[in-house]
Amino acid sequence: MAEKTKPVAEGLDTDRLMHELGQFRRFHLLSYFLLSLPAFAAAHYAINYVFLAADVPYRCVVPECEAANSTEYNPSWLASALPPGGREKRCFSRAPLDDQLPCQDGGFAEELRSCDQWLYASKNTIVSEFNLACQEWKRTLVGTIHNIGMLVSLPILGYISDRWGRKRALILSCTLVGAIGSLKAFSISYEMYVIVEFLETVAGASAFPAAYILTIELLGQDKRVLTTAFLGIVLVLGGLSFALLAKTFQYWRTFILVVYPPSLLFLSYIYLLPESIRWLLSQNRKEEAVEIIMRAAKMNNVTLSEETLSQLKTEKIIPTDEKKDPEAEDGLWIQIMHSPIIMTRLAICSWWWITCTFVFYGLAINSVSLAGDKYTNYMLVVSVEVIAVVTNALVLDRIGRKRTLLAAYVVCGISCVAITFVPKSMSWMATSLYLIGKIAITQAFSGIYMYTSELFPTHARHSLLGFCSMVGRLGSIIAPQMPLLAIYVDWLPSVLFGATALIAGGLMMTTPETLNTRLPDTIREAEHITAAPSKPPATSQQQKDVATSRC
């Protein structure tokens, strides 16, 4: 019987190849720049409903006292016509005792009546445009619909990425979000707006995960933390740009037409951006991989080693009469379900993602409700994320992934729970705990991207990362409803944020450390991360790489 031939990618140490190509030279720097632009753009789409669907001041129109088209928001008689405080002030009014105009201060009955017309202080958001007064659930539903779209998008684009390539998934996601998102500016009803919001998110939610996977697969194992820090900083810059543009173009239709159409330019990546070398090798598409490798070596002005050149040039022919490995013929999810280790890891990672999206987006949505200018508050909350990104860059490669993420979850959990015990008179302490919690969950969110990608094999990495992110969107679907919950039990959202973070920290104790390990290419390699002392025999080159990494 003929001897089985190994896949092409199996004979090549991709981490060593990346080191030989030079990770901070012309080819790589150009790729980093091209991949940073989708991440920067994604920050403008991810949570823009906090401004586009923001609440605006409004009041009942009192028809006996003013014309239907009146624009005077605070007439002298208004205090007597409206009940004091909360929802009642916005949704109910009192009838005047005398039908003669003008109405007088104090000349109103005590009995309340519901309103059917409202006057808005601002026309900048969809609340006034589509007359959503006293329908808070419709306003918050926009954020939930957005995140349901993300839940649908991630497995679809993850499959496209693993089946047809990282580059195609990235270009498809980036250009579709620009085309579909622009249609929101032409919405003629609330129903049309939320439908387009859903379709836009289905199309574009995977832009950042695709850019992240491409970037991390471009680097060797010792530069993964830099990848996370780099894209984290880009997201912060994108968030600041988003807030500045939202403040400059406050009318929602204008903002959309400024922000979305430029994404159509990502079509040029068909010619500018190379495909992932690791993905091509994992798919046995050696010729395409070699073409990119040689172009990178030429651009970087480096010479590959004789051993690497020999591996790249060797033609491996699989005999036609060779019996195929039945496991290799199994579908991706069949192979995963046959691995209890990977299935358990997938469930744990999914909870981490639920926690990250629930707490991260929950705190971000609440930021625009803090005292002061909402745009400034949002920029402040985004700016403190730099602390989390820099902290991760300093500690992830020193104390490891597990301890860093464990500390982040625990600090976040304690901070959020502690907010409920702060007296109302000490608002500065509540704000401080809020920011500490936001920094901690950002640190966890930033690190979990890298940690999750290191736990799964190359040929399934984007699909499994996409699955975790998809399940995680359950958290971001619930998060926009927390302001509604706070109306009834004001302390409960903070306790829920804290409890989910503490549970995630406990689960962090059950998974392996991935510091100084190479990215697994197969399910077997991913399983053996859990048993470092009893790994399958390493090649001499792998032993040399491990020894070097420990120095």
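The values are calculated or read from the model by the stated rules, or taken from the named source; none is laboratory data. None of the values given here were measured: they were computed from a predicted structure. Glycine also receives a Cβ, built like all others from the backbone with ideal geometry; neighbour counts cover every protein chain displayed. When the accessible area is computed, the model is the full protein with side chains, heavy atoms only, and any ligands, DNA or RNA have been set aside. Shrake-Rupley method; radii C 1.70, N 1.55, O 1.52, S 1.80 Å.
Computed from label points 7 Å out along Cα-Cβ, the spacing between F92 and L394 is 5.5 nm. When mean projected area of the Cα convex hull in nm² is calculated for this entry, the matching label among [x] 30.7; [y] 27.0; [z] 28.4 is [z].
Share of carbon and sulfur in the accessible area of the chain stands at 63%, probe radius 1.4 Å. For the chain, the longest principal axis of the alpha carbon atoms and the long axis of helix 427-455 meet at an angle near 30°.
For the chain, the longest principal axis of the alpha carbon atoms and the long axis of helix 540-550 meet at an angle near 50°. Averaging 1/r over every pair of different alpha carbons in the stretch 123-210 and inverting the result gives a Kirkwood radius of 13.7 Å.
Each Lys or Arg adds one and each Asp or Glu takes one away; over the other residues whose Cβ falls under 14 Å from the Cβ of W352, this sums to +3. Dimensions of the stretch 227-297 from C-alpha coordinates, computed as largest minus smallest value along each principal axis and given longest first, are 51, 26, 21 Å. Put D397, D162, D521, D116 in order of accessible area, highest first, and with a 1.4 Å probe you get D116, D397, D521, D162. Annotation: amide H-H contacts under 5 Å for F108 (H modelled 1.01 Å from N, sequence separation of 5 or more, or interchain): L97. Between D373 and M343, take the C-beta separation as r, use R0 = 35 Å, and let me know the FRET efficiency to the nearest 0.05. Efficiency computed from Cβ-Cβ geometry: 0.15.
The residues of the chain have, on average, 45 Å² of accessible surface per residue, using a 1.4 Å probe with all protein chains present.
For the chain, the longest principal axis of the C-alpha atoms and the axis of helix 136-164 are separated by about 10°. Scanning residues 5 or more positions from Y58 or on other chains, those with amide H under 5 Å from its amide H are A121, with H placed 1.01 Å from N in the peptide plane. Taking 28 Å as the limit for the C-alpha separation, the pairs K223/K247; K402/K438; K184/K374 exceed it in the case of K223/K247.
Computed from the Cβ-Cβ distance with R0 of 41 Å, the FRET efficiency linking F186 to L492 stands at 0.60. Using C-alpha pairs below 8 Å separated by at least 6 residues, the relative contact order for the chain is 20 percent. Computed 3J(HN,Hα) for the stretch 502-516, one whole-Hz value per residue from the Karplus formula 6.51 cos²θ - 1.76 cosθ + 1.60 where θ = phi - 60°, is 5, 5, 4, x, x, 5, 4, 6, 9, 10, x, 6, 10, 4, 6, glycine and proline marked x.
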